[in-house]
1. Going by the conditions given, is residue 14 at pLDDT 95 or above and not in a strand (DSSP E or B)?
2. Just wondering, is there one or more residues in segment 33-45 that are among the small types (Gly, Ala, Ser), more than 19 Å from residue 98 (Cβ to Cβ) and surrounded by 12 or more Cβ atoms within 10 Å (Cβ to Cβ)?
3. So, residue 48, is that one at pLDDT 95 or above, more than 17 Å from residue 98 (Cα to Cα) and under 12 Å from the mean Cα position of the chain (by Cα) or not?
4. Scan (1) under 22 Å from residue 102 (Cβ atoms); (2) touching a residue at least 24 places away in the same chain (Cβ under 8 Å); (3) assigned to a loop (DSSP other than H, G, I, E, B) for the single condition residue 2 breaks and write down its number.
5. In this structure, does residue 49 turn out to be surrounded by fewer than 20 Cβ atoms within 10 Å (Cβ to Cβ) and of a type outside the set (Gly, Ala, Ser)?
6. Mind checking which pairs have a first residue in segment 51-79 that is assigned to a loop (DSSP other than H, G, I, E, B) and a second that is of a type in the set (Phe, Trp, Tyr) and surrounded by 10 or more Cβ atoms within 10 Å (Cβ to Cβ), Cβ under 7 Å, 6 or more apart or different chains?
7. Under the condition of being of a type in the set (Val, Ile, Thr) and touching a helix residue (DSSP H, G or I) at 6+ places or on another chain (Cβ under 6 Å), which residue from segment 77-99 is surrounded by the most Cβ atoms within 10 Å (Cβ to Cβ)?
Amino acid sequence: MQEISTKPYLLRALYEWCTDNGFTPHIAVRVDNGTRVPRQFVRNDEIVLNISFEATSQLQMGNEWIEFSARFSGKSHKIEVQVTNVLAIYARENGQGMAFPVDSAAIGAAPDVSGEDGPRSSELGPEESGAERIEHRETTASTRGDDEPPPDDDGSKSPGRGHLKVVK
């Protein structure tokens, strides 16, 4: 019998930790053909999803799939993400969470759905894992339905993708 990965258990535990502390849990996801998300919000084959109780409906975090409904720009979408594609889970408010190893072979095989050229690898780094503090800058795509990008650290608004950076 094949052993079940610890990843889905860690995701559920960190989700519960976030909600128990009043934080907003977000997941960073590598997007491939098996991922069901609104493609217009995908940047460099990645998307950040707000998975809080307030932002989702019928959230199910299983051992192989994370499934829920969420609104993007006011329209409801069914979201389906393979647990193996989750790059990180963290609290939006303080960036605390966990990054997971990235299968670099699978990244190279993922289609470029963003329409942009450039590297497809995550800024988390292919070998980064474990309980690390993660800095977060909000992306333009969120499940809250915001059409306008949030301000950068300096207060200016600029389009583009958010960033996750592992801080040691």
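1. Working: at pLDDT 95 or above: yes; not in a strand (DSSP E or B): yes.
Criteria met by residue 14.
2. Narrowing segment 33-45 to residues among the small types (Gly, Ala, Ser): 34.
Filter once more, keeping what is more than 19 Å from residue 98 (Cβ to Cβ): 34.
Filter once more, keeping what is surrounded by 12 or more Cβ atoms within 10 Å (Cβ to Cβ): 34.
Yes, segment 33-45 contains at least one residue that is among the small types (Gly, Ala, Ser), more than 19 Å from residue 98 (Cβ to Cβ) and surrounded by 12 or more Cβ atoms within 10 Å (Cβ to Cβ).
3. Numbers: at pLDDT 95 or above: yes; more than 17 Å from residue 98 (Cα to Cα): no; under 12 Å from the mean Cα position of the chain (by Cα): yes.
Against the criterion (at pLDDT 95 or above, more than 17 Å from residue 98 (Cα to Cα) and under 12 Å from the mean Cα position of the chain (by Cα)), residue 48 does not qualify.
4. Exception for residue 2: condition (2).
5. Working: surrounded by fewer than 20 Cβ atoms within 10 Å (Cβ to Cβ): no; of a type outside the set (Gly, Ala, Ser): yes.
No.
6. 51/15; 51/68
7. If we take residues in segment 77-99 being of a type in the set (Val, Ile, Thr) and touching a helix residue (DSSP H, G or I) at 6+ places or on another chain (Cβ under 6 Å), then 89 is surrounded by the most Cβ atoms within 10 Å (Cβ to Cβ).
The values are calculated or read from the model by the stated rules, or taken from the named source; none is laboratory data. Predicted model, so just to flag it, every value in this text is computed and none were measured. As a convention, Cβ positions derive from the backbone with ideal geometry for all residues, glycine included, and neighbour counts pool all protein chains shown.
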